[in-house]
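The values are calculated or read from the model by the stated rules, or taken from the named source; none is laboratory data. These figures come from a predicted structure and were not determined experimentally. Because the Cβ atoms are built from the backbone with ideal geometry, glycine has one as well, and the counts that use them run over all protein chains shown. In case anyone asks, the SASA skips ligands and DNA or RNA and just uses the protein heavy atoms, side chains included. Shrake-Rupley method; radii C 1.70, N 1.55, O 1.52, S 1.80 Å.
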Amino acid sequence: LLSSSDHKGGERLLAVAAAARLNAATAAPPIVPPLVELRRWRRGLRRDLQQLALSSDAWDDRRAVDPTLLAKHVGRTLFHVAHQCVEEVQDQKLLAAALLRIAPGLQTAQTTPPPKKKTKTTTT
């Protein structure tokens, strides 16, 4: 039997493994390569994201990853893709679908708004 610390370690390991797959798939070159190379890279990106988002073989659907743990380990976004002057909306949607597939809790996760700044009041 697993102790509660083993269970948490397993969840962390699952989140790190999922994040590593997502990070590898979304590793975009920061400098736009020549057009031929860019097109080849974009085809690979789309293929990888489709597999992660849609393939039943990509993830174990019985084990959802804790969104908080996943967020701590996902280190990449498609930020550089937006600067390649190529339509990237479909790629962004595929990334979102992959994230929701592995951590469905992301869809219902509530964010805490930042604390309100205190304003100084003056008395006269």
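Summary of computed values
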| quantity | calculated |
| --- | --- |
| Check on Thr77, at pLDDT 75 or above and either surrounded by 13 or more Cβ atoms within 10 Å (Cβ to Cβ) or of a type outside the set (A, V, I, L, M, F, W, C) (or both) | yes |
| Matching residues in region 18-31 - criterion: being modelled with pLDDT under 85 and open to solvent by 50 Å² or more (accessible area, probe 1.4 Å) | Pro30 |
| Neighbours by Cβ (under 7 Å, 6+ apart or cross-chain): first from region 12-28, part of a helix (DSSP H, G or I); second buried (at least 18 other Cβ atoms within 10 Å of the Cβ) and not aliphatic (A, V, I, L, M) | Ala25/Asp48 |
| Region 83-96, residues that are part of a helix (DSSP H, G or I) and open to solvent by 40 Å² or more (accessible area, probe 1.4 Å) | His83, Val89, Gln90, Gln92, Lys93, Ala96 |
